1. Are there any helices (runs of 4 or more DSSP H) wholly within region 1-96 with 1 or more residues that are modelled with pLDDT under 50, and if so which?
2. Can you name every residue in region 190-211 that is hydrophobic (A, V, I, L, M, F, W, C) and at pLDDT 95 or above?
3. Consider residue 167 against the criteria (1) open to solvent by 40 Å² or more (accessible area, probe 1.4 Å); (2) polar (S, T, N, Q); (3) within 30 Å of residue 121 (Cβ to Cβ): it satisfies all of them except one. Which criterion is unmet?
4. Show me the strands (runs of 3 or more DSSP E) found entirely inside region 107-147 where at least 2 residues are open to solvent by 10 Å² or more (accessible area, probe 1.4 Å) and closer than 28 Å to residue 189 by Cβ.
5. Name the single residue that is farthest from residue 164 (Cα to Cα) among those in region 221-233 being free of Cβ contacts under 8 Å to residues at least 60 places away in the same chain and crowded, with 16+ Cβ neighbours inside 10 Å.
6. Looking at (1) open to solvent by 70 Å² or more (accessible area, probe 1.4 Å); (2) in contact with a Lys or Arg (Cβ under 8 Å, 6 or more places away or on another chain); (3) farther than 18 Å from residue 129 by Cα, find the lone condition where residue 236 falls short.
Amino acid sequence: MKSKIYLIAFLAILFSCTGENQKGATVEISGTMKQNEIAGETTDATVVNIKDIFLLLPDDAFPEAISLTNRELLLNNIGEDKAYDISSTPIDVCDVKNGYLSLTGMQFGWEMCYWNLKDGRKLVAINNGTESGSEIRTFFYQNGKLAEDPNYRLGGNQNYKLTDFINVSQLSADTRKFAEKQFAKGDYAIYYKLPQTGTSIKVSIDAYQLMDYDEAREIPYEAIKEVTLKWNNEKWER
């Protein structure tokens, strides 16, 4: 009789432990699947994550070239002071759950993220900020390989107007006239902000550059706007 009781107790404990392990695995997997659910992908998101893609990028994808060996070291030293001994641009954010990674140590920033495609591929974008605007490079990930597509236009083909970025009703007549002239000439820089959460891209301009750094014609902060480019059915919409 005692043997049966001990056996039943042992099986109950074993079942309980197994259930906890399965629960933990489910939580871990469901976290990495968040971006897949947003994009409508149903494949297993645990096959590859943002760290894997970071290691697949070419050395020249960074503001200062970072070798594969050093990238592996950076991933193991996120947020640590010694990361600066590895690279002058160490990792600032590594959000595996949302498929986003950024570097620090530069004036205009560097970031990368990906969007899951219905055919199982991933659209990968890197955004390197410079004084003259964002430098965007796009890649497609599939079956362990990353291939750059220089012809892909992140955000689609957009015809921007000054009013997309500036509420001109808040400008003086002189400032508005000058801003319209500058914008028509293309004397401005466009900056992208890749999504850490969600799938939309934010686009803005450098209003100070637009006004040729003239403080007399400075555009008020309240008048500056962003354009949101939404990812809908694998197309970019405003």
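1. In region 1-96, the matching helices (runs of 4 or more DSSP H) lie at 2-32, 34-39.
2. 190, 194, 201, 203, 205, listed by residue number.
3. The failed condition is (3).
4. On the way: elements: 110-116, 122-130, 133-142.
Output list reads 122-130, 133-142.
5. Result: 223.
6. Failed condition: (1).
Residue-by-condition table, conditions (1) in contact (Cβ under 8 Å) with a residue 24 or more places away in the chain; (2) on the phi > 0 side of the Ramachandran plot; (3) open to solvent by 50 Å² or more (accessible area, probe 1.4 Å):
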residue: 171; (1), (2), (3): yes, no, no
residue: 178; (1), (2), (3): yes, no, no
residue: 181; (1), (2), (3): no, no, yes
residue: 184; (1), (2), (3): no, no, yes
residue: 187; (1), (2), (3): yes, no, yes
residue: 192; (1), (2), (3): yes, no, no
residue: 197; (1), (2), (3): yes, no, yes
residue: 202; (1), (2), (3): yes, no, yes
residue: 211; (1), (2), (3): yes, no, no
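The values are calculated or read from the model by the stated rules, or taken from the named source; none is laboratory data. All values reported here derive from a predicted model rather than from experimental measurement. Glycine also receives a Cβ, built like all others from the backbone with ideal geometry; neighbour counts cover every protein chain displayed. Ligands, DNA and RNA are stripped out before the accessible areas are found, and what is left, the full protein with its side chains, is counted by its heavy atoms. Shrake-Rupley method; radii C 1.70, N 1.55, O 1.52, S 1.80 Å.
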